[in-house]
Amino acid sequence: MKIIEDYYTEHYDELLGFVSKQVLNKEVAEDIVQNVFLRLLTSDKMITTITLPALVYTIARNMIYDYWRHRRSVDEYEHYISSVMSRSCDDVLSVFSAREVTEFLERGIALLSDKQRVVYRMSIYEGKKVREISEELNLRYKSVENRLGLARKEIRQYMKRMLA
């Protein structure tokens with residue numbers, strides 16, 4: 001733990017600069033850097049002064065990839081919503097507001113089973129991956145994956161009906 005503490009003290013700004021350059025958002029970069037060191041502190045891997053720098057940057061790089069994957073899925077979802085709305089709207093009066101779309105989404109989530117709802121909310125609102133959800137809820141990976149897949153399918157169908 002002392003090795004990690006020393007590395008944090010000496011290289012925090014360097015790592016923050018690296019991550020900031022990749023994600024283009026200072027707050028997100030600070031969160032990622034903090035999560036890198038939290039993951040190191042909870043890791044059961046053997047860490048030495050030789051392996052630590054490579055491990056830090058590998059974890060940071062993977063978290064940056066996760067961030068951009070999540071951003072891409074959010075952007076695709078927003079694009080999907082806007083394209084569905086633009087296709088189904090003939091005039092200005094029939095355009096749904098963002099608040100209305102959010103209300104539709106919340107109603108759709110309310111229709112999910114309790115188990116699906118918890119997993120779906122953790123995935124969408126908290127940006128957690130299936131592995132993280134399975135660990136937090138103490139469930140099998142496949143179980144979480146199946147629940148999330150069914151929830152997504154039901155929400156897509158519900159939103160398609162509501163926005164048609």
Given the criterion outside any helix (DSSP H, G or I) and among the hydroxyl-bearing types (Ser, Thr, Tyr), identify the matching residue among Thr48, Thr9.
Thr48
Take Asp114 and decide whether it is under 17 Å from Arg152 (Cα atoms), modelled with pLDDT under 85, among the charged types (D, E, K, R) and surrounded by fewer than 12 Cβ atoms within 10 Å (Cβ to Cβ).
no
Tally the residues that are at pLDDT 90 or above, under 15 Å from Lys2 (Cα atoms) and within 27 Å of the chain's Cα centre (by Cα), restricting the search to segment 43-55.
2
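The values are calculated or read from the model by the stated rules, or taken from the named source; none is laboratory data. Because the structure is predicted, anything quoted here is derived from the model rather than measured. Cβ coordinates were reconstructed from backbone atoms using ideal geometry, including for glycine residues, and neighbour counts include every protein chain displayed.
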